[in-house]
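Each remark here refers to the structure printed beneath this line.
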Number of protein chains: 2
Amino acid sequence: MESFQLLQFEPFKSAVDPTFWHQLGKRKLDVYQLDQSERRIRGHYATATRATKSVERAIAAPAQLTVDGEAFEEAASSAARHGRPNTVAVDGTLLNTNTIEEFKTIDKQALLRKAGEQVATAIESGEAWRQPALLCTFITLAFADLKKHKYTYWFGFPALVAPQPAQIRSWSRVDAAWSKAKIAALHVAIDVYSQQQHQGAIPPFFGVVEEGDAVTVIDLQAANAPHQLIIGFVDPSGLENHPGWPLRNLIALLARYFTRTSIRVLCYRDTPGTGEGDTFSALAEIAFTPSANVHEYKVVGWEKNTHGKAAPRVADLGGMMDPRRLADTAIDLNLKLMRWRLATTLQLEKVASTRCLLLGAGTLGSYVARCLLGWGVRHITFVDSATVSFSNPVRQPLFNYEDCLEGGRPKAPCAAANLAKVYPGVNATGHTLRIPMPGHPVTDDQQTQADIKTLIDLIAGHDAVFLLMDSRESRWLPTLLGAHHGKIVINAALGFDTFLVMRHGVPGSQADAPIGCYYCNDVVAPTDSLRDRSLDQQCTVTRPGLAAIASAMAVELLVSILHHPQGANAPPETDDTPEAHDKERPLGVIPHQIRGHLASYRNLLVHGPAYDRCTACSSKVWLYWTALRMPA
Amino acid sequence: MESFQLLQFEPFKSAVDPTFWHQLGKRKLDVYQLDQSERRIRGHYATATRATKSVERAIAAPAQLTVDGEAFEEAASSAARHGRPNTVAVDGTLLNTNTIEEFKTIDKQALLRKAGEQVATAIESGEAWRQPALLCTFITLAFADLKKHKYTYWFGFPALVAPQPAQIRSWSRVDAAWSKAKIAALHVAIDVYSQQQHQGAIPPFFGVVEEGDAVTVIDLQAANAPHQLIIGFVDPSGLENHPGWPLRNLIALLARYFTRTSIRVLCYRDTPGTGEGDTFSALAEIAFTPSANVHEYKVVGWEKNTHGKAAPRVADLGGMMDPRRLADTAIDLNLKLMRWRLATTLQLEKVASTRCLLLGAGTLGSYVARCLLGWGVRHITFVDSATVSFSNPVRQPLFNYEDCLEGGRPKAPCAAANLAKVYPGVNATGHTLRIPMPGHPVTDDQQTQADIKTLIDLIAGHDAVFLLMDSRESRWLPTLLGAHHGKIVINAALGFDTFLVMRHGVPGSQADAPIGCYYCNDVVAPTDSLRDRSLDQQCTVTRPGLAAIASAMAVELLVSILHHPQGANAPPETDDTPEAHDKERPLGVIPHQIRGHLASYRNLLVHGPAYDRCTACSSKVWLYWTALRMPA
């Protein structure tokens, strides 16, 4: 008789690829959001020799269970879904908590118990014979700090522990007992079985029938019979005398159904279909106590951390990410968080892809650009004819003192360059361009024609046009062009303590009663309003807070329009419009005009119809204007 | 007989010191504003030798009339008011137009004519005998472009032109006719006369009585007599045969009153009281036609520009100014323009000198700081415990991408440094400090005590405290301290599409019904609200435009409070409060709380009283808290 010894198992070590965290982060942000339901994930393990490709090194290699970016079913390749060649697929459960406190306080013993009960149920119901993979599972408890790119996690590998521990009766390398030919036959048999039954993946548990040097591999289910055969399992362990973790639940199954009290086990540690007869696999005889009900077993299996303590680990991905990517994901995160709880129907992608043209890179233009960036807009074009002057930076949050030196940098390209310093991923450009204005003298006809052409191209090439200039007449041509090209036109204008933020209607559209533009309710044609103005009339003399308020509202108005199915033609609403309070509408009222009064902190929502003889947006003026522009 | 020749006069050249423009700019901005009444100014001229200190160079020196920073009566030193030693004071009229168009289109001939009429009236009334300075005047037409530091101007030196021109009968240097002793006596006589009668300044016109080598100088009035004497004038010209411009109107006076048709004129070109007998002065005999009414004379005198054309000149001071000073004046200009027409009672100096403490250098803190800068606030202190993260720059307009690299710069000092890049004149500092919060664990007692001390010192050292953090409980200690120190406390907090901007009352103040603080209407004591929050609750998940709006209103609320005589104790107003619409009040309503709703673009003005058992601002809590803090 041999001296018996307690059977000890080498535990799994979780090996988490960064792609797994990346995918989890993405899902959390876009899909799961605040839903912390359990998710099915899939890991893999291989034999120690396959993992290390060397028998010698296999001894020292840990028994790894790997999860990566394909662990999530919908992200998995076909191979990952069905099993990867020569690896064992292991199904697991992910529980990703919303807060770190929840991660810390959740009852971990209960979690593992629950996973173990599932294994026990599979055994008691006999389902484990038909689907042996049910015996080998894992759970992952995680908290994803998307802001800091830190993932706190803990893996559990539920194992049923019999009241009476199993013992090793014998342990020997296969090559000590079998001929080379028989070993080679084993490799081939497992390979054929994997290929035919499991698309190349090795099933974790199987039966082995030997007849002389011939070896056949059969389903575990078929091995549930009283005749003499070997039960095989794919062993991640490389340690002498210590098989890997999957054997624990296999023994629980056998102890429940077999009347024998010992079995021969093949700890398969090789790569199927390879080797001329070399092997690192072992044959063991294991003794166990039959059991009537595995539900009575204890469950163990929380992984120890690198210090050998039963405690979570942290994966800090921030340090390994490219800073620009870090910026991208951080900004994306902030936006998407809005969708988690507060505005689930936000169409952030639509907002992000809106190309915005900002006519005027002054106080309004700077604030509008920053607010667009905050909403995730990535294509921002500035137009301005001026240079940065010393009074600008304290009111125009895209310029610094140094931009004023040596006569001042041209405002439009300077604004674009400084916006890129805020967020390098922005597609910002600036055009130094004087917008032709009615009533102003044309001093250079050729230049004016070129300016008009540039303006037409710019308006045609953008989705939304912001009118952010400081005179009435400079808004005329862009209004005309915006109307003709059917663009969203947002107009903002400041008084001393009042502001107007409005959207222009799209004339000729299918809207029942199209709304007007800036000029529709105006009987005076635009003319030179800059001449003969004293300094306080030439400069924009406003309460300093006004521009920030008006600019923010202009951008919020654009984003609201983008969320309406009719876009720029969305019917004008006031606070009394019932639709404005529809829960499906994330952003509330879509007014035509907001007239703000800072002296009373009051905003008035008003609207006015389009005027078919409007001096700016009517088709008559368009026809007249284009006729005039034709060369003689 | 000599051959007679027409008498020609060397015109004045205006010499404007930059200090004159500086003073004009200051006055326009702060005093005159849109009032374009004529202003009295004073210039000076000296003899050519005094100006050049060299007889040789005097010939080539222009006949300059100088105006400088002391030209404005209220800015003038005593000497400038009464006359500067050895120079002649010349009174002038400044007409500074509000617009360049007005400058261009004003009837310049009429302007000069009017000035000439005043001279003619002084002659006809005889007043010119008593006040000869009335014969020598000037007018300055100007337009000050304060934004570009460009001054367009034109000087006119009104001269009456007789129908029959005067002629030179003879011209000789004084030293050709007089002995050295007599010349020395002349210098002494003029000096004595200037010192005794004119505080050192030389009167432009005087009489000279000669008896042998003795010379006496008398008032011009005394020279209006039929006996033989010389009429003297201080001559700015250095040209042979061409006396300076002041002689023109003197001849008009003499032609009106003298029955003689010629006089001897001393063109005094020296420096009184100097020289042992050297002289550069001339004696001329001038013939003229008596006149009955000088009002019939033509008036000439608009200065020619450097190209010899009768046209205005431009002084561009922008290029010679220190860029930092340019920034200062430009910012100052923008603010002061508000007072010209729109808000005449604005107390910009009070706003500028308010020391502001910003608790929180995030989205709200960045916008608040920029808006304070826009209002001219110069003392801004940030407090924050965090570092700049990648999601910050697109929402927090004081940070750039580069501030996020390598773990991120500490936010408070980074915000201060970046604010100084906007405007180098700002006094901005940043303190990295964790504000102690009730309900949060104290991990380092010593550090917490030090943090409390720093916070107390900071609050005591500022006039206004902004609460711009992202948790409820972090506002507690600053509320307590702000209340105790009687500071203005402005609180801003964001929801997803709602915001609260409020001011705290000052408990224990003399206000009839003090208004409450953030905690006054709250039955729940502040505790840890950050624990156990999911990511969307930890981050400030708000519509991107919201922070700009709330921050601007927070700053506007502060500025409103500063304008109220009761300051932080100003009674809470809503739009219905009649006083809010007082014309003398530049900024309208001073609410207690603004509750903003972006989904409906509505702001609600509400107010609530202070609660004498408030967990934050009541004196009971203060006493309890200070007692607790005492070392055992």
How do B:Arg613, A:Arg173, B:Arg395 line up, fewest other C-beta atoms within 10 Å first? B:Arg613, A:Arg173, B:Arg395
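Could you work out the Kirkwood radius for the stretch B:330-430, taking every pair of different alpha carbons, averaging 1/r and inverting it, reported in Å?
Kirkwood hydrodynamic radius for the stretch B:330-430: 14.1 Å.
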A student applying the Cα gyration tensor rule (rounded when a/c is under 1.5; otherwise prolate if a/b is larger than b/c, oblate if not) would label the stretch A:343-629 rounded
Could you tally the net charge around A:Glu349, taking each other residue with its Cβ under 15 Å from the Cβ of A:Glu349, Lys/Arg +1 and Asp/Glu -1? +2
Using a 10 Å cut-off around each Cβ of peptide A:549-557, what is the average number of partner chain Cβ atoms that fall inside? 6
As a check on your grasp of the helix formula, calculate [θ] at 222 nm for chain B: sum -39500 (n - 2.57) over DSSP H runs of n ≥ 4, divide by the residue count, round to the nearest 500. -9000 deg cm²/dmol
Applying the Karplus parametrisation 6.51 cos²θ - 1.76 cosθ + 1.60 with θ = phi - 60° to the phi angles of the stretch A:156-170, what ³J(HN,Hα) value in whole Hz is obtained for each residue in order, glycine and proline being reported as x? x, 10, x, 10, 7, 10, 5, x, 9, x, 6, 10, 8, 8, 8
Quotient of Cα radius of gyration and Kirkwood radius for the protein assembly as shown, i.e. Rg/Rh, equals 1.19
Here, B:Thr626 and A:Ala177, labelled 7 Å along Cα→Cβ, have an inter-label distance in nm of 8.7 nm
Per residue of A:396-402, other chain Cβ atoms within 10 Å number on average 5
Per residue, the convex hull enclosing the alpha carbons of the stretch A:538-632 has a volume in Å³ of 170 Å³
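Rank the residues B:Leu146, B:Leu111 as a footprinting-exposure proxy: fewest other Cβ atoms within 10 Å of their Cβ go first.
B:Leu111, B:Leu146
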Once you average over the residues of A:600-613, how many Cβ atoms of partner chains fall within 10 Å of each Cβ? 3
Counting only residues 5 or more apart in sequence or on a different chain, those whose built amide H sits under 5 Å from that of B:Val465 are B:Leu357, B:Ile488, B:Val489, B:Ile490
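Taking the Cβ of each residue in B:Met320, A:Met553 as the centre, tally the other Cβ atoms inside 10 Å and list the residues starting with the fewest. List each step's numbers first, then the result.
Working: B:Met320 10, A:Met553 24.
Ranking B:Met320, A:Met553 by Cβ neighbours within 10 Å, fewest first, gives B:Met320, A:Met553.
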What is the antiparallel percent of DSSP beta bridges lying wholly in the stretch A:162-272, to the nearest 5? 65 percent
Cβ-defined net charge surrounding A:Asp451, 14 Å radius [Lys, Arg +1; Asp, Glu -1]: -1
Would you kindly derive the ³J(HN,Hα) couplings of the stretch B:461-468 from the backbone phi angles with the Karplus curve 6.51 cos²θ - 1.76 cosθ + 1.60 (θ = phi - 60°), listing them in order in whole Hz, with x for Gly and Pro? x, 10, 8, 10, 10, 9, 9, 10
Of all the Cα-Cα pairs you can form in the stretch B:167-297, what percent are over 20 Å apart? 42 percent
Counting all C-alpha pairs of the stretch B:127-169, share separated by more than 15 Å (%): 66 percent
Which of the lysines could be linked to A:Lys108 by a straight reach, that is with a Cα gap under 27 Å, when you skip same-chain ones fewer than 8 residues away? A:Lys13, A:Lys26, A:Lys28, A:Lys147, A:Lys148, A:Lys150, A:Lys298, A:Lys304, A:Lys309
13 Å Cα-Cα reach of B:Lys180 towards aspartates and glutamates, excluding residues that sit fewer than 8 places from it in its own chain: B:Asp213, B:Glu276, B:Asp278
Amide H within-cut-off set for A:Trp171, under 5 Å, with H built and near neighbours excluded: A:Glu285
Looking only at the protein assembly as shown, where both bridge partners belong to it, what percent of the DSSP beta bridges are antiparallel (to the nearest 5)? 65 percent
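Give the dimensionless ratio obtained when the Cα radius of gyration of the stretch A:98-256 is divided by 2.2 N^0.38 Å.
1.26
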Would you list, by chain and number, the aspartates and glutamates whose Cα falls below 12 Å from the Cα of A:Lys620, excluding same-chain residues fewer than 8 positions away? A:Asp612
Go through the stretch A:42-49 residue by residue and turn each phi into a ³J(HN,Hα) via Karplus (6.51, -1.76, 1.60, θ = phi - 60°); whole Hz please, and just put x for glycine and proline. 9, x, 9, 9, 10, 6, 4, 6
Net +/- balance of residues flanking B:Pro165 in space, Cβ distance below 14 Å, scoring K and R +1, D and E -1: +3
Check A:Phe382: other-chain or 5+ apart residues with amide H under 5 Å from its amide H, H built from backbone geometry? A:Leu358, A:Thr429, A:Gly430, A:His431
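Read-outs: derived from the displayed coordinates by stated rules, not from any lab. In this text, all values refer to a predicted model and were calculated from it rather than measured experimentally. Don't worry about glycine lacking a Cβ; one is built from the backbone with ideal geometry, like all the others, and counts go over all protein chains shown.
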